[in-house]
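Report on the structure given below.
The values are calculated or read from the model by the stated rules, or taken from the named source; none is laboratory data. Because the structure is a prediction, the values reported are computed rather than measured. Cβ placement follows ideal geometry from the backbone for every residue including glycine, while neighbour counts extend to all protein chains displayed. In case anyone asks, the SASA skips ligands and DNA or RNA and just uses the protein heavy atoms, side chains included. Shrake-Rupley method; radii C 1.70, N 1.55, O 1.52, S 1.80 Å.
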Amino acid sequence: MSKNNGKGAKGEFEFPQPAKKQTFSQMIYDPQDGTFFGRTGKNWSQLLLFYTIFYIVLAALFTICMQGLLSTISDTEPKWKLHDSLIGTNPGLGFRPLSEQTERGSVIAFDGKKPAESDYWIELIDDFLREYNHTEGRDMKHCGYGQVLDRTDVCVVNTDLFGGCSKANNYGYKTNQPCIFLKLNKIFGWIPDVYDAEEKGMPDDLRKVINETKKEERQQVWVSCNGHLGKDKEHFQNIRYFPSQGFPSYYYPFLNQPGYLSPLVAVQFNSPPNGQMLDVECRAWAKNINYSGSTRDRQGSVTFQILLD
């Protein structure tokens, strides 16, 4: 087929020819063109060289980036601390035992006359206190108020001072006098600014404890437990705190010392009501611990419920 292009010249056009059909073996190796999978040996060599160089450069860039990042990170302390960190400077208050069964929530329900029910909570506390009871091989020391400590010192949490909340007493769960263990969440570098005198808003029992405590021993983050939202106050007249009603300041700051254990306060409820849920709120007291009893934004406190069947 020909066509005049307007200048007296003739051009010839050819229809595209259909692709040559190949067998499967020819797709793998075509002896006519000398290709493997459609490429010659030279093409394959060039492609392999390109991707080899590409991935070597990519790996080198990744290594440089990772080394740059890791050079800014310490193995012993976070890069961002206290006010600069997402955790902030307000430690949360936690409690144990806490059931792994989410449907139980924060309710501690049992009947001391039924061994299976009390044993459940006793085993949870045993698991929690295991690292406190087995400190063999750790470099720890018995600390006291006014003692000068090094940054690397780790103070012993003496579980023998838990009194009625000891393992020997089954943490009170066999006698319907349950114990709850309180602890502050660890924040790197945080140092408590303690109340060394009673403060407005403190419950009467805590004021009494502070006034009766030696001045040098008032260096504590005090704790108090009462009825949540002012409820059930008549049932909080007979509770005890072991070994004291606060977390001694010599356990702070936490600096990621090897073997460090957070201090504990054991709270024993000696006369909780039978068949009635006791709604408890425990609060930590320090000048640099903000308090909020809001359900959505709770700070410096924790709530739980005790139910004796």
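Here are the numbers for the structure shown:
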read-out	value
Gain on full stretching of the segment that runs from Asn274 to Ala59 - 0.36 nm per residue minus C-alpha separation	70.7 nm
Residues with amide H under 5 Å from that of Ile108, placed H, sequence gap 5 or more	Gln305, Ile306, Leu307
DSSP beta bridges in segment 166-306 [antiparallel fraction, %, rounded to 5]	95
Residues Lys214 and Trp80, FRET efficiency given R0 of 41 Å [Cβ-Cβ distance, rounded to 0.05]	0.60
Largest-first ordering by accessible area, 1.4 Å probe, given options His83, His228	His83, His228
Gyration tensor (alpha-carbon) shape descriptor, segment 255-309, a/c threshold 1.5	oblate
Backbone N within segment 244-278 under 15 Å of label point (7 Å from Asp309 Cα along the Cβ vector)	274-277
Label-to-label distance, nm, for residues given as Ala197 and Glu103 (7 Å Cα→Cβ offset)	5.4
Student exercise, segment 182-258 dipole from Lys, Arg, Asp, Glu Cβ charges, in Debye to nearest 20	180
Solvent-accessible surface ranking, highest first, for Phe254, Phe50 at 1.4 angstrom	Phe50, Phe254
About the Cα centre, charge dipole magnitude for the chain (Lys/Arg +1, Asp/Glu -1 at Cβ), debye	1320
Violating pairs (Cα-Cα greater than 30 angstrom) within the set Lys174/Lys214; Lys183/Lys208; Lys114/Lys186; Lys114/Lys167; Lys174/Lys233	Lys174/Lys214; Lys114/Lys186
Cα convex hull of segment 24-72, projected area averaged across orientations, nm²	4.2
Inverse of mean 1/r across different Cα pairs in the chain, Kirkwood, Å	25.1
